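The values are calculated or read from the model by the stated rules, or taken from the named source; none is laboratory data. The model shown is predicted, which means the values in this text are computed figures rather than measured ones. Please note: Cβ atoms are built from the backbone with ideal geometry, for glycine as well, and neighbour counts cover all protein chains shown. Accessible surface is based on the protein model in full, side chains and every heavy atom, while ligands, DNA and RNA are left aside. Shrake-Rupley method; radii C 1.70, N 1.55, O 1.52, S 1.80 Å.
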Amino acid sequence: MILDERGRTAGNEVQWKNVREAQREVSEPSSVSTQQPPALVVSNVHVTYGAFVAVEEANLTVNEGDCIVMIGPNGNGKSTLAMAIAGLLQREGTVHVFGEVAPPGNAPWMVRHRVSLVPERRQLFPHLSVIDHITLGCYAWTRSLRAARTSHAFEEAVELFPELKPCHKQLAGTLSGGQQQMLALARGLSANPRVLIIDEPCLGLAEVVSQRVYAALKQLNNQGRTILLIEEKPWRALQISNGAVRVKRGVAEEITSAAELSMMAAGGGEQ
Amino acid sequence: MLVPEDPETYCVARGPTSLGSRADQMGWFVSRTQTREGGITRGEHGAVTPASSGPPAWRGPLVTAIGVTVVGIVAVIYLNGNFNDAEFVLAVCSGIVIVGMVVQVGFAHQLAFSQSVFMGFGAYGVAILNTKYGWSVPLAVVVVTVAAALIAAPLGAVATRAPGFTLALATLLFPTIVTGFVVYSNYLGGTSGIGGIQALWSGASYSATLVRSGVIGVVVLGLCVFVCGRIMQSGIGLEIALMGASGRAAGSVGVIARRRRLELFMFGSALSALGGAIYAGTQAFVSYTNFADVEELILLVMLFIGGRAYILGGLIGAVGIQYLSGTYNFVDINLAIFEGVLLTVVLLFAPGGLFELVLRLGRFLYRTATGGGRAPVVAALASDGRGLGTAAILSKGGTGDGLPEEDTGDSASVGQALGRSEHTVGGMRDLPASFSARGIEVPEVVCRNLTKRFGGVVAVDSVSLEISGVGVHAVCGPNGAGKTTLFELIAGGLEADAGEVWVDGVDVSRKAAFERAQLGVSRTLQSVRLMNNRTVLDNVAVAALLSHRTFLPRAIWRSDLKEAHARALKALERVGIAEMASFRPGQLTLAGQRLTELARAIVSQPKVLLLDEPASGLSIEQRGHLADTLTELGGEMTVVLVEHDLQLVRDIAVEVFVLVDGRLRFSGDAEGFAESPVVRAELMGLG
Amino acid sequence: MIKLGDLVFAGLTNGSIYAILALCVSVLFRVSGIINFAVGDFAMVGAMGAAFFVQNDGWNLALAIVVVLIFIGLFAYVFDLTVLRAAFESRRGYDKVTATFFYTLALSFFIEGVAFHMFGTEVHAAPELWSGYTLTIAGLHIQRAGVIIIGAAVVTGVGFAAFIQLSLVGKAVAACGENAFGARVVGIRQGSYRRGTFVAMSVLAGLFGIMLSPVTGFVYNSGSDLGWTGVVAAAFAGFTRPGRAVLMGIAIGLAEAFIGGYISTEYQEAFLYLGLVLIILCYPGVLGAGNLVEVD
């Protein structure tokens, strides 16, 4: 499951409500039961930039353990919706995270409730090292450097991409695009999220690297983490996902037609 | 001419700028930075012409100037040399400086803190020339003003070369330096100052002298108001407005930003000196305390509180602050506290100054009185980061991520068996004879071994290509493949680390963006950069000005804004949105904004047109219309597109280049493009 | 003839102050994009406040220092809560250039106005922290206050570097400066960090003002000279490199001492600033322009 033996759970030394919940979850082996609230429920979300409506209406439900992909042409609101859900933008409408109502525009709340965003174009810190990034990901659940570095979440994030190990002291600004993407993912993971929102992970990456990233995502999903993925070209994402949401002209709705899904998976992407 | 069937596709709000043409007339009296269009009428054959184009552009500033002069003279005479009159004359002197600051700081956003120093220069200059060398005061005033401009020239030339806050920081220390020297100099009067300066126009008594000199001061002020108003309303003013809104866009339409910044600095300094000179001529005594750093802050406060980009606002600020500090002892003693608080409050709640607040109130009342109604809620095409205003919100609070926004290639790409393709001049589609009559001459754009790195990432890796002949050429590739970077290298937004760029036979590798624009390279940017407080017509006209190469003083008597407007209207007709000419960009959909940018790019009749993702965010019908427009343009100039929409590319492109990971992987015609295995694998995700 | 060693020491003393002020300006800019022109005025408040409590009310020096610093901290906290928060976190967005410069300029003006109101043009100096005759070591005259200042500056510099490198909160502060959006993604509250930094830097400036005032004495507007020099020193480090800012501050202090010693004491300030301005004008690249906000 998500967490390991109690002795090495994330945030052992810091009393966060979600950590205690997480520890409780370990001792109760029943994983995804029907009584569990869905990971994310987005209803009637509406996002504007001033007078400009970026997301008209978004409705979607993501159950725990799902891997949902958001598809749609560029410039139609996918990234805006992702940022709004993650609390980085003000929004109208409601978002429920594991049954709790999320206050709008409150990213620290979201991160504490284990919803983590890996943003488009990564948004790294150019003069901080790789290790620093992964450490900073732990900011979500602790303020102690020692707790962060010795936690399970940190180790897991480091092990996710062994290719990064030789670069641990390197500054993020000097990494290649693929390495930066891996680092962004690792940073998102060290926050120990239950829900990971990933925006265009393969922007600017070569084929081989993209495959590596997707393999990692599949691995995370298999561990039980919920994944909400944004991709412009859906064919790759649809191979690891079990549901899709179409975002077009600011309207986000779930795709339920199997025919449509398989057509997309076969390679016809809508422009 | 292509007209979309449904104009609403491009426009969100019905009706021109919500002011209405009556309220627009208010724009004259405040000498604000708008131009007035009388509206658009349709002729018999559907041709669109501007209505009787309204009053000549010099009328507004002239009316304001005369108004200010008359009011000032009346006030000076009425107050008849008493204490309030002295305060008023002081305000007039500050007013002359403030009017220059409105243009320099408020309108052109050139942040400099040198006005008080130049004011002191003017005052001391007149004082010395008059008391020590016996020159007549009016002559001294003129000499000192010209001298200030000349001194400002080398300072400005150096300081405005660098971007950012260089000018601000350098000029911040000016008052301290100058005070430090003056205080210890006997020649300059040391701490006691210089007295006994003759008046501008002497009279029988002290008060008569004050009145007469005050009248001259007011006349000079009126003159400055006229000049400043003319500048702001001229074509050069439009250039400056664009420079203030987006330096990149300004460079891309050929505005020589560096020269304009220098001219603005010289102009502001000259006017400051003039204000100081008049001060000397009316006060008979100058001392360094009047021009110390405190004075600079006072000037800034007058400017900001009054109304940053409004001449009348600035003047009212000057008079207001002067009056308050002169009349109320409490204010005078605690001037610093008072102004500090007032400035903070104004910045928080009325960033355009109190004057703008009053104006907005007036507009609001006017609209409710005439039942004009608000513009309908904008329900534009959703866009995440490509529209206006989104950039402002997203960049709120601090520095950007430092990583290049452009595409980044992945230098760790391993073992791709397909090597770089050799370039061949793509076969041209069969075009009607009239087009191919132009033949293929010198290639319009040539890139040789272009390379660009960002940090550790190679964005463009030794790309060589030739684009020649008319028609639409496309550059495609997956996200992050280096397409936008390549564009920037061709257009001049970035300088290559290695390799060359040639345009029409000229090596432009080291030339700035505005030089390439003047050579005939025109472009649009990936995110829309339009001036939101100007009409669509103005936004396009700025690229049609012939004044790019001229100097600032010419703006005072001659402005080619009218001709530019005419050319702009033609360009708007070509892209099909001529009806939107008097709208503001904020009232248009993204499609409308993109077409405005397109019109701006073609109005200068370029040889090479670079379009960065023009179809992004457009609907199917809008894309169809765009395709037709581009094909038509392709008949006359070399159009180069960066585009994701493969269908669009297949439909209109004559030649396609494919970039993957910063390298050129395919070039050829549209059929070859659809068949190429590389393309199918990388772009379409097949196989 | 003034000894070189004495000059160096005097330069280091002043340079330490400039260095610490430059550090304050630099860190605040990194975290929030604001250039703090009022930093010198906080130093002045510290100095004059402590002097006031000790001389007028007869307080114990330690008590006076603590009270003044608490007062400064509270004031900075309230200022951020009211003005800066409204400026930076309003939904309407804000004009970057205005926000960077003018709020703190207005604040500087305001503080000086209050000080003028309370003290007029009197000169005040807080009592020395380490009283006694000037030390004479190796033939050099070393003021005790100078020793304290330099020592405190070193401790502060080292402590700050350690904080940034060795604590998670310190890394978060660095992250805020690197990429504001990325910091928010990770859950860092930029507003809180800006507030905390502003308060900390103001208190630090106040403390160093108290240490400096026995040496020079403060008037209501001495703070602005100090502060603006700190701003220029930070500017020479591109506003974003606290380490370099500290070095620049020391360099300027030394330059000032040498100009005063070898050229002229009257025109010392004027020549110093003239030199700085000439450097800025002739080598604008020295300001690390790439890091500054684009004024366009």
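Compactness ratio of the range B:477-630: Cα Rg over 2.2 N^0.38 Å, N = residue count?
Against the empirical 2.2 N^0.38 Å value, I get 1.10 for the range B:477-630.
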* **Exposed trypsin sites (Lys or Arg not before Pro) absent - longest run of chain C, DSSP non-H/G/I/E/B, at most 13 other C-beta within 10 Å** => C:93-296
* Asked: For C:A162 and B:V70, what is the calculated FRET efficiency with R₀ set at 60 Å and r taken between the beta-carbons, to the nearest 0.05?
  -> 0.30
* To do: Can you tell me the FRET efficiency between C:K3 and C:N56 if r is taken as the Cβ-Cβ distance and R0 is 45 Å, rounded to the nearest 0.05?
  => 0.75
* Which loop-located chymotrypsin sites (Phe, Trp or Tyr not before Pro) does the range B:97-179 contain, where loop means any DSSP state but H, G, I, E or B and the Cβ has at most 15 other Cβ atoms within 10 Å? -> B:Y133
* Counted charge near C:A10, where neighbours are those whose Cβ lies closer than 11 Å (Asp, Glu -1; Lys, Arg +1) -> -1
* Asked: For the range B:546-562 and the range C:239-281, what is the separation of their C-alpha centers, rounded to whole Å?
  -> 43
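Quick check: residue separation of C:E266 and C:C282 times 0.36 nm, minus the Cα distance between them. What number comes out in nm? Please list the in-between numbers first.
Numbers: separation 16, 0.36 × 16 = 5.76 nm, distance 2.55 nm.
Here the segment from C:E266 to C:C282 would lengthen by 3.2 nm.
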* To do: For the range A:119-271, just list the percent of Cα-Cα distances falling in each 5 Å bin from zero outward, please.
  => 2, 9, 18, 20, 19, 13, 9, 7, 3, 1, 0
* When the range B:58-179 is reduced to its Cα atoms, the Kirkwood hydrodynamic radius in Å -> 16.7
* Tell me, what is the percent relative contact order of chain C, built from C-alpha pairs under 8 Å that lie six or more residues apart? -> 40
* For the range A:124-187 and the range C:20-79, what is the separation of their Cα centres, given in Å? -> 37
* Asked: Exactly which GluC sites (Glu not before Pro) in the range B:474-542 are in a DSSP loop and have at most 15 other Cβ atoms within 10 Å?
  -> B:E495
* Structure fact -> Taking 0.36 nm per residue of separation between B:L361 and B:K132 and subtracting their Cα-Cα distance, the length gained on full extension comes to 77.2 nm
* Asked: If each Cα of the range C:1-85 is one equal point scatterer, what is log10 of I(q)/I(0) from the Debye formula at q = 0.21, 0.25 Å⁻¹?
  -> -1.04, -1.16
* Taking the Cβ of C:L272 as the centre, find all other residues whose Cβ is under 15 Å away and add up their charges (Lys, Arg: +1; Asp, Glu: -1). => -4
* Between the range B:96-174 and the range B:327-368, the alpha-carbon center distance in angstrom -> 27
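Count charges around A:F161 for me, please; just the other residues with Cβ under 13 Å from its Cβ, Lys/Arg as +1, Asp/Glu as -1.
Result for the neighbourhood of A:F161: -1.
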* Over the residues of the range C:24-285, compute the C-alpha Rg and express it relative to 2.2 N^0.38 Å. => 1.03
* For the range A:144-194, state which trypsin sites (Lys or Arg not before Pro) are in a DSSP loop and have at most 12 other beta carbons lying within 10 Å of their beta carbon. => A:K169
* Ignoring ligands and nucleic acids, what accessible area does B:D504 show with a 1.4 Å probe (Å², nearest 10)? -> 60
* To do: Please label the shape of the range B:139-201 as rounded, prolate or oblate, based on the square roots a ≥ b ≥ c of the eigenvalues of the alpha-carbon gyration tensor (a/c under 1.5 means rounded; beyond that, a/b larger than b/c means prolate, else oblate).
  => oblate
